[in-house]
Each structure stands twice: as structure tokens, then as C-alpha cells.
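First the structure, in the form of C-alpha cells, and then the observations on it.
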Amino acid sequence: MKELILVTSPPACGKTFISKELAKHLKHVVYLDKDTLIVLSKQIFVVANQEYNRSSDFFEEHIRNYEYYAVVDLALEALDYEDIALINAPFTREIRDKKYMADLKARLAEKGAVLRVIWVETDPEVCHQRMIERGSDRDTWKLENWDEYISKVNFNIPEELNDDEGTLMIFKNSSQEEFDESMDRITKELLGE
């Protein structure tokens with residue numbers, strides 16, 4: 001059975017490291033990171049003569065959703081050639097939108113594929129520290145406006161996905177011990193062990 005695996009969470013929860021480690025353990029997998037599209041998004045800000053701010057109204061209206069359309073389309077295309085496509089991206093709104101998820105599952109069913117969502121659960125203060133440490137320009141506004149930013153971020157597990165047996169897996173990642181336990185458990189589950 002082919003699978004689309006979404007590794008999701010708010011920013012700085014550890015999605016990239018977790019996604020890459022999971023991809024190393026899986027067979028016949030295509031790894032896709034939505035952040036790879038940032039180079040194109042930055043150019044849109046330049047061409048539109050807009051300040052680079054991934055939390056702005058401009059980003060929301062003209063860029064955000066198109067990054068998701070592109071990475072999902074790439075994953076669906078990859079499933080024509082491999083057994084697993086793994087996307088590393090927040091999907092923070094999409095996984096709470098029942099219609100979006102139903103439509104995605106229908107598109108996957110046409111390819112004989114199923115959806116697995118790995119929600120990375122991390123303490124917000126751990127995320128704050130990781131964001132500071134990674135020093136990325138995509139986080140500048142968030143860090144400068146932390147209270148405003150964090151008040152809009154939903155760290156709750158997407159309970160909307162609990163309707164489906166086996167769709168949602170929780171990867172706890174606030175400490176090394178949680179990471180080790182979650183990596184072992186989820187890798188075994190994905191490999192059917």
C-alpha cells in the first residue's frame with residue numbers, strides 16, 4: 001500500500017530533523033520539504049516590492065497556500081514512482097480542516113495510497129529556544145513579536161484526525177528521551193513491525 005506521510009506541527013517543533021531521520025529508516029521513500037520552496041517565495045516578495053515577512057497579510061494572500069499546493073502535487077506525482085512520499089511541512093490549518101483532509105484522502109485513494117499524519121508535539125518554550133538557536137531569517141518577525149505570534153499558534157493535537165484508525169500518530173519531542181522513544185515507536189509502526 002502506498003502512503004503519503006505528513007510530518008506536521010507548528011514551526012520549530014523539530015519536524016525537519018524528525019522527517020529526515022524517519023526517511024532514513026523507511027524504504028522506497030521520497031522526502032519533500034516545503035521549506036525548499038522558500039527560495040521562490042522570497043523572490044515573490046522581491047518582485048512585489050514587499051518586506052520579507054512570512055507572517056504578513058501579503059504572504060497569507062499571495063504565497064502561503066501555493067506553497068502547499070506545490071508540495072502536495074509533487075508528493076502525489078512521486079507516488080506514481082515510489083511507495084512512500086513524506087512531506088515535512090506545518091499543515092497547521094489543513095490538518096484541522098475536515099474538507100481539506102477528505103479531499104486529500106480522495107486524491108490519494110485514486111492512486112491506491114493512504115494518508116498518515118505524524119503530529120510533532122513539543123512544548124512551546126522548547127520551540128522558542130530552538131527558533132532562537134536556528135537563527136533563520138524566516139523567524140525574525142516571529143521572534144521580534146513572540147507574544148503576538150505564539151498567541152495565534154495552535155499546539156493542540158489535531159483531534160479532528162482521531163476519527164480515522166491509524167491516520168494520526170503523535171511524536172513527542174520536548175526532550176531527547178521523548179525523541180528516542182517516539183522515533184523507535186513510530187518507525188516500527190511505519191515499517192509494520
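Each value in this text was obtained by applying a stated rule to the coordinates, not by laboratory testing. Small disclaimer: the values here were computed from a predicted structure and weren't measured. When we count neighbours, we look across all protein chains shown, and the Cβ atoms used for this are built from the backbone with ideal geometry, even at glycine.
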Notebook entry, point to check: Working out 0.36 nm times the residue gap between N145 and R96, then minus their Cα-Cα distance, what length gain in nm do you get to one decimal?
Noted result: 15.1 nm
Next item on the list: List T140, T167, T122 from most exposed to least, where exposure is judged by having the fewest other Cβ atoms within 10 Å.
Entry: T140, T167, T122
Note to self: Cut-off is 10 Å between beta-carbons; in what order do T8, T92 appear when sorted fewest neighbours first?
What the structure shows: T92, T8
Checklist line | Gyration tensor (Cα) of the chain, equivalent ellipsoid semi-axes in angstrom | finding: 27, 21, 15
Next item on the list: Rounded to the nearest 10 degrees, what's the angle between the helix 98-109 long axis and the longest principal axis of the chain, both from Cα atoms, 0 to 90?
Entry: 50 degrees
Notebook entry, point to check: Taking H as built 1.01 Å from N, whose amide H comes closer than 5 Å to the amide H of E82, not counting residues under 5 places away?
Noted result: none
Note to self: Kirkwood Rh over alpha-carbon pairs of the range 103-144, then Stokes-Einstein at 4 °C and 1.567 mPa s: what D in µm² s⁻¹, rounded to an integer?
What the structure shows: 98 µm²/s
Note to self: Rounded to the nearest 20 debye, what is the charge dipole size of the chain about its Cα centre when +1 sits on each Lys and Arg Cβ and -1 on each Asp and Glu Cβ?
What the structure shows: 380 debye
Check: Spin-label point model (7 Å from Cα, Cβ direction): what's the A70 to E178 distance in nm?
Finding: 3.2 nm
Check: Listing K34, K27, K98, K2 from the residue with the fewest other Cβ atoms within 10 Å to the one with the most, what is the order?
Finding: K27, K98, K2, K34
Margin query: Quick check: convex hull of the Cα atoms in the range 75-149, volume per residue, rounded to a whole Å³?
Written below: 129 Å³
Item checked: Farthest toward positive dipole pole in the range 2-191 [+1 Lys/Arg, -1 Asp/Glu at C-beta], among A89, Y149, M131 -> A89
Check: Tally Lys/Arg at +1 and Asp/Glu at -1 over every other residue whose Cβ is under 11 Å from the Cβ of D123; what's the total?
Finding: -1
Note to self: At 7 Å along Cα-to-Cβ for each site, give me the label-to-label distance between V39 and F58 in nm.
What the structure shows: 2.2 nm
Checklist line | Mean Cα-pair separation over length for the chain, i.e. relative contact order, pairs under 8 Å, 6 or more apart, % | finding: 34 percent
Item checked: Rounded to the nearest 20 debye, dipole of the range 98-193 from Cβ charges on Lys, Arg, Asp, Glu -> 540 debye
Checklist line | Most positive-pole-ward Cα, F179, I38, Y52, against dipole of the range 2-191 from beta carbon charges | finding: I38
Notebook entry, point to check: When Lys and Arg each count +1 and Asp and Glu each count -1, what net charge do the other residues less than 13 Å away from K111, Cβ to Cβ, add up to?
Noted result: -4
Check: If only Cα atoms are counted, what is the Rg of the range 1-86, and what is its Dmax, in Å?
Finding: 14.7, 46
